[in-house]
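All of the numbers you see were taken from the coordinates with simple rules; none came from a lab. Since the model is a prediction, treat every value here as computed from it, not as a measurement. Here the Cβ positions follow ideal geometry from the backbone for every residue, glycine too, while neighbour counts run over all protein chains shown.
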Amino acid sequence: MTGDALKRWICLGCGFSYDEALGLPEHGLPPGTRWRDIADDWVCPDCGTPKARFEMIEIPYADGQPRAAA
Amino acid sequence: MPNSFVLRADERGYNKILSTGATATYVGGHPDAFITRFSSFNFGDYQDGRAGFGRVRVFGDEAFHHPGCNYNMHPHHNFIICAFVLEGRLTHINTLGGMEDLVSGDYYAFSAGSGGLHEELNRYAEPMRAIYVWMLPDQLYLPPSYARGHFDAAAGMNRITPLLGDAAGAIKLSQDARVSRLVADGPGGFRYRPRSAGHGVYAFVIDGTLHCDGATLKRRDSSGVWGAEEIVYETGRGDTDILLVETII
């Protein structure tokens, strides 16, 4: 585990999560896109919360997840 | 060594969210309808306070004013959203098929998990007041779940009653957290033993007076204590009503 491992972030407005390993291809962010490389004015696709109000998390996925996030 | 903080009622964040104008898609209802929200922790436009406490990220002391006042149906993931109704009547609707009314003493836990939507609605003229608590889950994208419970203040008088968590009779949470209610009708000492030194307890005074860790807390004041083997809560004269949220820190 290096300090540069791929990380996950959660929206503090609604709980939407962004996983660097998965990206958000449907929103133009290919798998592997680093959080730091996402524009500062990017907002949560579900609720519009600004990028700055996401929190980096180290929470594992439930069994069988992630499927394509609903 | 135990650590602690005190948060006074008037130090919390405050929002008045109108059902007209820019927030009309967020909050609905009669044109006069509005929601007031006092936030213990940073949420929405309030970002000047604490980020949270342990796994808790939102603690909102909210009131829905005028008929039809609601948070319109909106999506969530992951967060465990809990509501504790204090006054009035809350209609809660969710995409697990739940649509029900909750009144004083009723509470629910809605774990949004892999995805769910909900609406929170006051259909009546009298204000609906509730405490909303959001916690991070211990796993992402769990199957969504919903459960409701009822706190009987008469049966629970002068003791600490578990509402959510791993205690018998409590609604289970997918998180190392517990929520309890303490109501008392006069002075008393109540001992709370957190699960470990790595746990903390956020105590919120719904009403009355509470002495804790050297501080005197009044209505809507709160405190967080962590690293303590035992916490002693002393209730004051008259009626006291406390919500206790224990979480891994």
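Points worth noting:
- Set of lysines with alpha-carbon distance to B:Lys218 below 24 Å, sequence-local pairs under 8 removed: B:Lys16
- Anisotropy class of the range B:109-227 from Cα gyration tensor, a/c 1.5 cut: oblate
- Counting Cβ atoms of other protein chains within 10 Å of each residue's Cβ and taking the mean over peptide B:208-215 gives 0.
- The magnitude of the dipole of the range B:159-248, with charges of +1 and -1 set on the Cβ of Lys/Arg and Asp/Glu and taken from the Cα centre, is near 120 debye.
- Bridgeable lysines around A:Lys51 (alpha carbons under 23 Å apart, same-chain partners fewer than 8 residues away excluded): A:Lys7.
- Debye intensity ratio in log₁₀ form over the Cα atoms of the protein assembly as shown, taken at each q of 0.08, 0.12, 0.13 Å⁻¹: -0.37, -0.84, -0.98
- Farthest toward the positive end of the dipole of chain B, out of B:Phe79, B:Leu102, B:Thr20, is the Cα of B:Phe79, where the dipole comes from beta carbon charges about the Cα centre.
- Net dipole in debye of the protein assembly as shown [+1 Lys, Arg Cβ; -1 Asp, Glu Cβ; about Cα centre; nearest 20]: 240
- Kirkwood analysis of chain A, using all unique Cα-Cα pairs, places the hydrodynamic radius at 12.6 Å.
- For peptide B:113-119, the mean count of partner chain Cβ atoms within 10 Å of a residue's Cβ comes to 3.
- Only Lys, Arg, Asp and Glu carry charge here, each on its Cβ (+1 for the first two, -1 for the last two); on that basis the range B:63-212 has a dipole of about 420 debye about its Cα centre.
- Integer Hz, Karplus 6.51/-1.76/1.60 couplings in order for the range B:99-116, x for Gly and Pro: 8, 8, 9, 10, 10, 3, x, 6, 8, 9, 10, 10, 8, 6, x, 6, x, x
- For the residues of A:53-66, the average number of beta carbons from a partner chain within 10 Å of their own beta carbon is 4.
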